[in-house]
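To start, the structure under review is shown below, and the notes come after it.
Only the coordinates and a few stated rules stand behind these numbers; no lab work does. Treat the numbers as computed from the prediction; the structure is a model and nothing was measured. All Cβ positions, even for glycine, are placed from backbone atoms using ideal geometry, and neighbour counts span all protein chains on display.
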């Protein structure tokens, strides 16, 4: 709870926000596969500026998704520190991390991660319901976002009746519904054709430029770099 209070105090007392929204200090991550030690990350230190659209790239097994999971508080580093908006997340309890994620971070996954029993608008406003928003407020916000991603005529459609590109647009709307400080995307175009992929990347660019949304995206496609501000390349768990 202490870190959440500190984060709120920082926002209320700082008239000028730091240019850096994410900083990692010597982050490592080691897994064990039986008796085999796998050092997925070997000490990664970097800074990501507020409002940047960053791509994390590297060959298979380079540590891209593992690193994204550290940045997004979906996994715990073996050692090192992840600082988000001046908050040292290593000092947070799991409950505090859950609250922090709910209010500050958004996620887009390659498999869309939509709930099949919910319609598009229900999937989008679910995070706002979890935040305790009023019905009129979360319905309006979800409708506005689905319109922004070009799905104003699919509000009540279920995922099973949508194309892959449409489902990914719903997941983007959901990730942005609570106005996250950082949007994380893990191979968001992996299951899409080139046309749908460009539509998704154009949406990311739109929210990045028009709303100042910070975006950190893992990708393996070289042509995606035309949409981003900076490339972070990993090789064998270290910055290349």
message: From zero outward in steps of 5 Å, how is the percent of C-alpha pairs of segment 76-178 spread across the bins?
response: 2, 13, 22, 20, 15, 11, 9, 6, 2, 0
Percent antiparallel among DSSP beta bridges (both partners in the chain, rounded to 5): 55 percent
- line: In a Gaussian network model of the chain with springs linking alpha carbons closer than 10 Å, the residue among 132, 63, 80 that fluctuates most is 132
- request: For segment 88-240, report the convex hull volume of the alpha-carbon atoms normalised per residue, in Å³, without decimals.
  value: 135 Å³
- line: Between residue 36 and residue 156, Cβ-based FRET efficiency (R0 45 Å, step 0.05) works out to 0.35
- prompt: How high is the FRET efficiency between residue 118 and residue 76 when r is their beta carbon distance and R₀ equals 30 Å, given to the nearest 0.05?
  reply: 0.50
